[in-house]
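S.K.: Here it is: the structure, laid out below.
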Amino acid sequence: MAELVWRGKALPRPSGVEVVVEGFYGLVDGEVMGAGAPGDWYNRLLHGERGLALQALQSEFAGKVDLIYIDPPFMTGRTFKNGAQILTGDGISYHDIWNNDLDSYLQWLYETFYYLYELLAKDGSLYVHLDWRATHYARVILDEVFAGRSRSKGAGLKNEIIWHYQSGGRAQKSFARKHDTILLYTKTAEYCFHSERIGQPRGEKKRNHMRKEVGPDGHTIWTIRSAGKLYTYRADSTMSLDDVWSDISHLHQKDPERTGYATQKPVALLERILLASTEENDLVLDCFCGSGVTPVAAERLGRRWLACDQNKGAIAVTRQRLLQETRRNVFALQSVNRIE
Ligand SMILES: C[S@@+](CC[C@H](N)C(=O)[O-])C[C@H]1O[C@@H](n2cnc3c(N)ncnc32)[C@H](O)[C@@H]1O
């Protein structure tokens, strides 16, 4: 199998970690319930570096996470500042600075994927959100992590989703860069996927080579002949969604969903992913949760969640957002620290 090699490539080295519970947040708005065990299940918001947090989760959750979505730093070389909505802190959402050292970024991605693979359930799905800077590297590394370590046929890449949007400036010396890429990987061929929940209406508008006709009951139908067979579809039926998503826009500056945390993704994007790849009560993980988009979408759809970020500001925004949601479960705020 082809393999990507970089300076210092190595499997992650485990370190000692401790988890400190900072508090539990109950079902009644914002109420801190103290440090007692709050019942059978509680969601977790972890403040800590992703390597430490993912190691801390292994003992309890290895092979048990149904869906992982990550939107890591893209190696932009930039520092992202908070929007006007966030008045506290140092004004910085997060740094995406790697000193142009691709090797260390690739090693960091490799370690992240390695830990995530361990946490993912056999029938689970991993969605990795990146852009033109790193998607091609990530694919080769993910191929190694997924296909190389799994004896199961059917492991590996399922989709390369293009999230196409219109926001941002337009380059003059290249084509305007207007998409992110979301890679979908699974551990086996037996993964959860509900195309019917996220299907798009076939509609009356011509999109391809199908012929538009009127069916016997007066409804519009589309027909196409292929290999001697006639295929007929009603215009009011749904068809599975394709892998170019142009119907979810970036949050504009004044969108009420905006928290002020930089590079915030719309909840609609996560809702689509969760609806497609999870069942109610499934366990969802995001170890770069930023403004908390994944736990918020999980709460709205009745999924359980684990979320992490190393940035204090991200944890504060996420906590605040979650307290405004109608929650089904208690969540714990925990901090994860390295111990020597
Ligand atoms: C692109 S943003 C995520 C945005 C998020 N999806 C949202 O919609 O708000 C990346 C996040 O990764 C976090 N991060 C970067 N490096 C990290 C690390 N090593 N461990 C944990 N979090 C990290 C940053 O603090 C930042 O919040």
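S.K.: Normalised by the residues of the chain, what does the relative contact order come to in percent, with Cα pairs under 8 Å and at least six apart? Write out the running numbers ahead of the final one.
M.R.: On the way: 689 pairs, mean separation 97.2, N = 340.
Over the chain, the number comes to 29 percent.
S.K.: Can you sort 175, 288 so the residue with the fewest Cβ neighbours within 10 Å comes first?
M.R.: Working: 175 7, 288 21.
Taking fewest neighbouring Cβ atoms as first place, the list is 175, 288.
S.K.: Continuing with the same structure: Among bridges DSSP assigns within the chain, what percent are antiparallel (round to 5)?
M.R.: Bridges in the chain are about 65 percent antiparallel.
S.K.: Peptides 154-160, 307-313: what's the order by average Cβ count within 10 Å, highest mean first?
M.R.: 307-313, 154-160
S.K.: Give me the extension gain from residue 257 to residue 153: residue separation times 0.36 nm, minus the current Cα-Cα distance, reported in nm with one decimal.
M.R.: Gain on extension, residue 257 to residue 153, equals 33.3 nm.
S.K.: Would you work out if region 200-239 is rounded, prolate or oblate? Take a ≥ b ≥ c from the square roots of the eigenvalues of the alpha-carbon gyration tensor; rounded if a/c is under 1.5, else prolate when a/b is larger than b/c, oblate otherwise.
M.R.: Here region 200-239 falls in the oblate category.
S.K.: Right, something else. With an 8 Å Cα cut-off and a minimum separation of 6 or more residues, compute the relative contact order for region 200-239 in percent.
M.R.: 44 percent
S.K.: Across region 306-321, in residue order, what do the Karplus-derived ³J(HN,Hα) couplings come to in whole Hz, using 6.51 cos²θ - 1.76 cosθ + 1.60 with θ = phi - 60° and x for Gly and Pro?
M.R.: Once θ is set to phi - 60°, the couplings for region 306-321 become 10, 9, 9, 7, 8, 8, 4, x, 5, 5, 5, 5, 4, 4, 4, 5 Hz.
S.K.: For region 81-88, what does the Karplus curve 6.51 cos²θ - 1.76 cosθ + 1.60, with θ = phi - 60°, yield as ³J(HN,Hα) per residue in whole Hz, taken in order and with x for Gly and Pro?
M.R.: So the Karplus estimates, Gly and Pro as x, are 9, 5, x, 4, 5, 9, 9, 8 Hz.
S.K.: Still on this structure, I have one more. For region 123-132, in order, what is each residue's ³J(HN,Hα) by Karplus, 6.51 cos²θ - 1.76 cosθ + 1.60 with θ = phi - 60°, in whole Hz (x at glycine and Pro)?
M.R.: Values, residue by residue: 9, x, 10, 10, 10, 10, 9, 9, 9, 4 Hz.
S.K.: Let me ask something else about it. So, by mean Cβ neighbours within 10 angstrom, what's the order for 219-230, 248-259 with the highest one leading?
M.R.: Working: 219-230: 11.5, 248-259: 13.3.
Going by the mean number of other Cβ atoms within 10 Å, highest first, we get 248-259, 219-230.
S.K.: Amide H of residue 81: which non-local residues (sequence gap of 5 or more, or other chain) have their own amide H closer than 5 Å, using H built in the peptide plane?
M.R.: Sorted by chain and number, the residues that satisfy this are 93.
S.K.: Roughly how many Å is it from the Cα centre of region 161-235 to that of region 273-340, as a whole number?
M.R.: Between the Cα centre of region 161-235 and that of region 273-340, the gap is 31 Å.
S.K.: Using Cα positions and a limit of under 28 Å, work out the lysines in reach of residue 153, with same-chain residues fewer than 8 apart set aside.
M.R.: 9, 64, 122, 187
S.K.: Please enumerate, by chain and number, the aspartates and glutamates with C-alpha under 14 Å from the C-alpha of residue 158, excluding those fewer than 8 residues away in the same chain.
M.R.: Counting by Cα, and skipping residues close in sequence, residue 158 has these aspartates and glutamates nearby: 123, 143, 190, 242, 243.
S.K.: What does the highest-first list of 268-279, 202-213 look like by mean Cβ count within 10 Å?
M.R.: Going from most to least packed, we get 268-279, 202-213.
S.K.: How large is Rg over Rh for the chain, taking Rg from the Cα atoms and Rh as the Kirkwood inverse mean of 1/r across Cα pairs? Working shown, then result.
M.R.: Details: Rg = 21.7 Å, Rh = 21.7 Å.
Value, to two decimals: 1.00.
S.K.: Here is a follow-up. Find how much the distance from residue 79 to residue 204 grows on full extension, using 0.36 nm per residue of separation minus their present alpha carbon separation; answer in nm with one decimal.
M.R.: Fully extending the segment from residue 79 to residue 204 adds 40.4 nm.
Every number here is computed from the coordinates shown, using simple stated rules; none is lab data. Computed from a predicted model, the values in this text were never measured in an experiment. No Cβ is skipped: glycine too gets one built from the backbone with ideal geometry, and neighbour counts run over all protein chains shown.
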